[in-house]
Amino acid sequence: MSYTKRILVTGGAGFIGSHLVRLLVQSYPDYLIFNIDKLTYAGNLENLKDIESAPNYRFERIDILDADAVNQLVHHMDFHAIVHLAAESHVDRSIHDPLAFVHTNVLGTINLLNAARDAWKEDMSNRLFYHISTDEVYGSLGSTGLFTESTAYDPRSPYSSSKAASDHFVRAWHHTYGMPVVISNCSNNYGPNQFPEKLIPLFIHNIRHRKPLPVYGDGQYTRDWLYVVDHAKAIDAILHRGRIGETYNIGGFNEWKNMDLIQLMCRLLDEKLGRPEGDSASLITYVTDRPGHDRRYAIDASKINSELGWSPSVTFEQGLSLTLDWYLNHQDWLDNVTSGAYQHYYDIQYKNRF
Ligand code: NAD
Ligand code: DAU
């Protein structure tokens, strides 16, 4: 079959990538969706079991640091668009091993940019390099204000610095080589298939197993939470209707202090697990803070709302309930990803913190 568009998604076996790949494969049967992923600890083909044999889906295991493999694929497949999600994504891991983040997030992005520039050099019209970034590049807010698309970059962790650097390289390829690019910067995602090193799935897992809930610092840090499927829908809108050279902030209009969110999860899980009220909250344990911990993130998502008509489709109450149910019903998924190397990470990350 000949496809109207061939789209490359990098990091499609990860949390957000797998939701995006599913959305694109199901919404556009006339597109070929090609997923490449190194399958690090965070990449899991189980996430895509339901669509793995769809006729318009392909997967290849490729490390974006392997420039030859990336070049060959990008030349051979003549993609119309590259949606780049592959990254090291966890702030705590970046504090232990910053170089891994420089390698994948910076050098990996440059490899993709180079491959696209070379493959598309004859004619860049009708092509798009879409880079998925984070609100963390803007730094940390005080108790008021929102990040807009023109907020100056002020990254403060090795993770956010590597993402900020990759954003700069993407813009440099636009200005220097005429590459058609678009960037989106999103707030904290939650939902099914998120690796349980991040706050929400980690705490669900620990509550389930009656393990301590490690709250960093005073627990008064604030994040804006967005349901992952709504992020995938925003990416779809930008992929099709975003303006070249532009940046779009994506957020949930949904700020929570960590402790308020944790208390809510504890209450809901007590109900869902049939445990007495207060049972899960008794596991809350204040631990040593994350070094350089950003105090507050909050996104002004009015540009994507007014230009592209996007807004979140589920409320936080709906999204959180769906998420808790998914993890409770997929204990096997959690058990698989929390064995082996994960245990080693968990021991190192939380050793001496309690
Ligand atoms: P994730 O860690 O769940 O998934 C990352 C994926 O990238 C994994 O499948 C992994 O195997 C793959 N990968 C890592 N290194 C690779 C390499 N060298 N070559 C090929 N594949 C590689 O991350 P996520 O939470 O799904 O985040 C996806 C993207 O969205 C990242 O770029 C992240 O910075 C960005 N983002 C995440 C959030 C969030 O809340 N999770 C919010 C805003 C932006
Ligand atoms: O804002 C977007 C970013 O959100 C993404 O770019 C990152 O990829 C993603 O990991 C996420 O970063 P955070 O650092 O905000 O997410 P995390 O789930 O690690 O932490 C959320 C908050 O919870 C943060 O204030 C730290 C706190 N926390 C986290 C963990 C893992 C704890 O208090 N205890 C914990 O054990």
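The values are calculated or read from the model by the stated rules, or taken from the named source; none is laboratory data. Being a predicted model, the structure only gives us computed values, none of them experimental. Neighbour counts are summed over all protein chains in view; Cβ atoms, including those assigned to glycine, are modelled from backbone coordinates with ideal geometry.
If I filter the stretch 198-223 down to residues being of a type in the set (D, E, K, R) and in a loop (DSSP other than H, G, I, E, B), which single residue comes out as nearest to ligand 2 (Cβ to nearest atom)?
198
Given the condition without any contact (Cβ under 8 Å) to a residue 24 or more places away in the chain and out of contact with any Ser or Thr (no Cβ under 9 Å at 6 or more places or on another chain), answer yes or no: does some residue in the stretch 1-21 qualify?
So far as the stretch 1-21 goes, yes, one or more of its residues are without any contact (Cβ under 8 Å) to a residue 24 or more places away in the chain and out of contact with any Ser or Thr (no Cβ under 9 Å at 6 or more places or on another chain).
When the residues of the stretch 96-139 are narrowed to those that are under 18 Å from the mean Cα position of the chain (by Cα) and outside any helix (DSSP H, G or I), which ends up farthest from residue 160 (Cα to Cα)?
Here the answer is 129.
List the residue pairs whose Cβ atoms are under 8 Å apart, where the first residue sits in the stretch 185-203 and is closer than 14 Å to residue 227 by Cβ, the second is within 7 Å of ligand 2 (Cβ to nearest atom) and among the aromatic types (Phe, Trp, Tyr), and the two are 6 or more positions apart or on different chains.
That search, which allows pairs on different chains as well, returns 187/297; 188/297.
Being closer than 30 Å to residue 108 by Cα and either modelled with pLDDT of 95 or more or among the basic types (Lys, Arg) (or both) narrows it down to one of 267, 243, so name that one.
Result: 243 is the single residue among 267, 243 that is closer than 30 Å to residue 108 by Cα and either modelled with pLDDT of 95 or more or among the basic types (Lys, Arg) (or both).
Which residues, counting only those in the stretch 171-197, are within 22 Å of residue 233 (Cα to Cα) and out of contact with any Asp or Glu (no Cβ under 7 Å at 6 or more places or on another chain)?
180, 181, 184, 189, 190, 191, 192, 193, 194, 195 - these are the residues of the stretch 171-197 that are within 22 Å of residue 233 (Cα to Cα) and out of contact with any Asp or Glu (no Cβ under 7 Å at 6 or more places or on another chain).
Taking the residues in the stretch 215-232 that are more than 13 Å from ligand 1 (Cβ to nearest atom) and within 22 Å of the chain's Cα centre (by Cα) as candidates, determine which candidate is farthest from residue 284 (Cα to Cα).
Filtering first and then ranking leaves 222.
Say we look at the stretch 67-79 and pick out the residues that are surrounded by fewer than 15 Cβ atoms within 10 Å (Cβ to Cβ) and free of Cβ contacts under 8 Å to residues at least 12 places away in the same chain; which of these is farthest from residue 236 (Cα to Cα)?
Among those that are surrounded by fewer than 15 Cβ atoms within 10 Å (Cβ to Cβ) and free of Cβ contacts under 8 Å to residues at least 12 places away in the same chain, it is 68.
Quick test of your reading of the structure: residue 162 fulfils all but one of (1) part of a helix (DSSP H, G or I); (2) under 26 Å from residue 17 (Cα atoms); (3) away from ligand 2 (no atom under 15 Å from the Cβ). Name the failing condition by number.
Going through the list (1) part of a helix (DSSP H, G or I); (2) under 26 Å from residue 17 (Cα atoms); (3) away from ligand 2 (no atom under 15 Å from the Cβ), residue 162 breaks only (3).
Among what's in the stretch 246-291 and is free of Cβ contacts under 8 Å to residues at least 40 places away in the same chain and acidic (Asp, Glu), pick the residue that is nearest to residue 311 (Cα to Cα).
260
From the list 82, 110, 64, which residue is surrounded by fewer than 23 Cβ atoms within 10 Å (Cβ to Cβ) and in the same structural domain as residue 244 (by TED's automatic domain parsing)?
Only one candidate qualifies: 110.
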